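Chemist: First the structure, then my questions, so here it is.
The values are calculated or read from the model by the stated rules, or taken from the named source; none is laboratory data. As the structure is a computational prediction, the values presented were derived from the model and not from experiment. Reconstructed Cβ throughout: ideal geometry from the backbone, glycine too, with neighbour counts over all protein chains shown. Quick note on the areas: whole protein, heavy atoms, side chains included, nothing else; ligands and nucleic acids left out. Shrake-Rupley method; radii C 1.70, N 1.55, O 1.52, S 1.80 Å.
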Amino acid sequence: MKILVTGAAGFIGSAAALRLCEQGHQVIGIDNLNDYYDPALKDARLARLMGVDNFHFIEMDISDREAVASLFASEGFNRVVHLAAQAGVRYSIENPMAYVDSNLVGMATILEGCRHNSVEHLVYASSSSVYGMNEQVPFSEDHGVDHPVSLYAATKKSNEMMAHSYSHLYKLPTTGLRFFTVYGPWGRPDMAPFLFTDAIMNDRPIKVFNHGKMQRDFTYIDDIVEGVVRVLGSVPEANPDDAKDSPATSWAPYKVYNIGNNEPVELGDFIAAIEKAAGKEAVKEYLPMQPGDVPRTYADVDKLMALVDFKPAMPIDEGMQKFVDWYREYYQS
């Protein structure tokens, strides 16, 4: 198959593109290579893909309507994995328009490309952030997600609603994946696994928000990619008997699934896993909760398991050891 992967220089996008190439698919990757974080890391991720015969990269911004429309019309994609987005809860407070352009306008251009070019299945990235301050645990796809606490979360909720409208109006099969705190080698420098590891390795204090009273459902990158690839092969079908009052399903060819480790980790245990892997103790600076953040994430993955017979399972100690090993090799430290 010919598959478009957006955000191909990103953390998840580059890993997903590599896996799809290994499976023998022809993969076109696009990315705008912005400077939200160090572009050198994006270039290094792309370098892993550039030697792969069945991968081709095009630098492109998904908010460019004409460029995206032309790409879809000329390439004839069978399926699309849409992972490009402006990421980061905290940055959305500082620069909201970047999220409007990438996450809302960009999603619309991808949906339009799929609609007009008979794409068989669109799989796109949502986020655990859509659950907001939900206190029901574990977070289920059947829970309401109408109270986001950051603009980033609001754009991801909007993506799900936009996808549903296209699934209903144009019979476009779409699947949204709510990712839970993805980490691992080649990970994003703005996320806690990278920030904490970098600080510990360089003898700087780490910022521990909400005084450490946090839990995260840390999900290893290989588990995320396995879920993405399996779901891509499971095209949703319209089913008039499906419940109409759940965010997870619809009478239209539309689905939403959690992908998380189903085992939230206390922030203190997470820091201890990094300390063990690094062989160094962290100096901790305790701070209050940041705006837009949530105290806990916890994924119910029963629906994912029922669909593709898979759920993430990487233990945090093993996953962080793999990340720290990569960090040392990449930065020669």
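Chemist: Exactly one of these conditions fails for V149: (1) modelled with pLDDT of 95 or more; (2) touching a Ser or Thr at 6+ places or on another chain (Cβ under 9 Å). Give me its number.
Modeler: It fails just one condition, (1).
Chemist: Could we say that I28 is part of a strand (DSSP E or B) and either in contact with a strand residue (DSSP E or B) (Cβ under 6 Å, 6 or more places away or on another chain) or open to solvent by less than 30 Å² (accessible area, probe 1.4 Å) (or both) here?
Modeler: Yes.
Chemist: Find the helices (runs of 4 or more DSSP H) located wholly in region 208-310 whose residues include 3 or more that are open to solvent by less than 40 Å² (accessible area, probe 1.4 Å) and closer than 26 Å to C21 by Cα, and list them. I'd like the intermediate steps shown before the answer.
Modeler: Details: elements: 221-232, 267-278, 302-308.
Those helices (runs of 4 or more DSSP H) span 221-232.
Chemist: Test L177 against the criterion of being open to solvent by less than 20 Å² (accessible area, probe 1.4 Å), over 15 Å from the mean Cα position of the chain (by Cα) and modelled with pLDDT of 95 or more, and give yes or no.
Modeler: So L177 does not fit the description; no.
Per-residue answers, yes or no, for (1) surrounded by fewer than 21 Cβ atoms within 10 Å (Cβ to Cβ); (2) more than 30 Å from V324 (Cβ to Cβ); (3) modelled with pLDDT of 95 or more; (4) out of contact with any His (no Cβ under 7 Å at 6 or more places or on another chain):
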residue: Y124; (1), (2), (3), (4): no, yes, yes, no
residue: S127; (1), (2), (3), (4): no, no, yes, yes
residue: E135; (1), (2), (3), (4): yes, yes, no, yes
residue: G144; (1), (2), (3), (4): yes, yes, no, yes
residue: T155; (1), (2), (3), (4): no, yes, yes, yes
residue: S167; (1), (2), (3), (4): no, yes, yes, yes
residue: Y170; (1), (2), (3), (4): yes, yes, yes, yes
residue: P173; (1), (2), (3), (4): no, yes, yes, no
residue: V182; (1), (2), (3), (4): no, no, yes, yes
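Chemist: Let me ask another. Return the residues of region 9-25 that are in a helix (DSSP H, G or I) and surrounded by 13 or more Cβ atoms within 10 Å (Cβ to Cβ); say none if nothing qualifies.
Modeler: Taking region 9-25 and keeping what is in a helix (DSSP H, G or I), we get 11-22.
If the condition is that a residue be in a helix (DSSP H, G or I) and surrounded by 13 or more Cβ atoms within 10 Å (Cβ to Cβ), then F11, I12, G13, S14, A15, A16, A17, L18, R19, L20, C21 are the ones that fit.
Chemist: Suppose the filter is open to solvent by less than 40 Å² (accessible area, probe 1.4 Å) and in a loop (DSSP other than H, G, I, E, B); does M314 pass it?
Modeler: On the way: open to solvent by less than 40 Å² (accessible area, probe 1.4 Å): yes; in a loop (DSSP other than H, G, I, E, B): yes.
The answer is yes for M314.
Chemist: Also: Pairs under 6 Å by beta carbon, first residue modelled with pLDDT of 95 or more in region 309-322, partner open to solvent by 70 Å² or more (accessible area, probe 1.4 Å) and of a type in the set (D, E, K, R), six or more apart or different chains?
Modeler: As it stands, the answer is F310/R230, since those pairs meet every condition given.
Chemist: What are the pairs, 6+ residues apart or on separate chains, where a residue within region 172-189 that is closer than 15 Å to L304 by Cα has its Cβ under 7 Å from a residue that is of a type in the set (S, T, Y) and assigned to a loop (DSSP other than H, G, I, E, B)?
Modeler: Cβ pairs passing all conditions: F180/T297.
Chemist: In addition: Out of curiosity, is V81 closer than 20 Å to N32 by Cα, assigned to a strand (DSSP E or B) and either in contact (Cβ under 8 Å) with a residue 40 or more places away in the chain or of a type in the set (G, A, S) (or both)?
Modeler: Values: closer than 20 Å to N32 by Cα: yes; assigned to a strand (DSSP E or B): yes; either in contact (Cβ under 8 Å) with a residue 40 or more places away in the chain or of a type in the set (G, A, S) (or both): yes.
Criteria met by V81.
Chemist: Would you tally the residues in region 35-78 being in a loop (DSSP other than H, G, I, E, B), over 17 Å from S102 (Cβ atoms) and not aromatic (F, W, Y)?
Modeler: Count: 7.
Chemist: Here's something else I'd like to know. Residues in region 58-76: is at least one aromatic (F, W, Y), modelled with pLDDT of 95 or more and in contact with a helix residue (DSSP H, G or I) (Cβ under 6 Å, 6 or more places away or on another chain)?
Modeler: yes
Chemist: Among the residues of region 54-74, write down those that are open to solvent by 50 Å² or more (accessible area, probe 1.4 Å) and either over 15 Å from Q26 (Cβ atoms) or touching a residue at least 12 places away in the same chain (Cβ under 8 Å) (or both).
Modeler: Answer for region 54-74, where residues must be open to solvent by 50 Å² or more (accessible area, probe 1.4 Å) and either over 15 Å from Q26 (Cβ atoms) or touching a residue at least 12 places away in the same chain (Cβ under 8 Å) (or both): H56, E59, D61, D64, R65, E66, A69, S70, A73.
Chemist: Is there a residue being farther than 30 Å from V119 by Cα, of a type in the set (F, W, Y) and modelled with pLDDT under 95 anywhere in region 199-215?
Modeler: yes
Chemist: For D198, work out the one condition from (1) farther than 14 Å from I274 by Cα; (2) outside any loop (DSSP other than H, G, I, E, B) it doesn't fulfil.
Modeler: Condition (1) is where D198 drops out.
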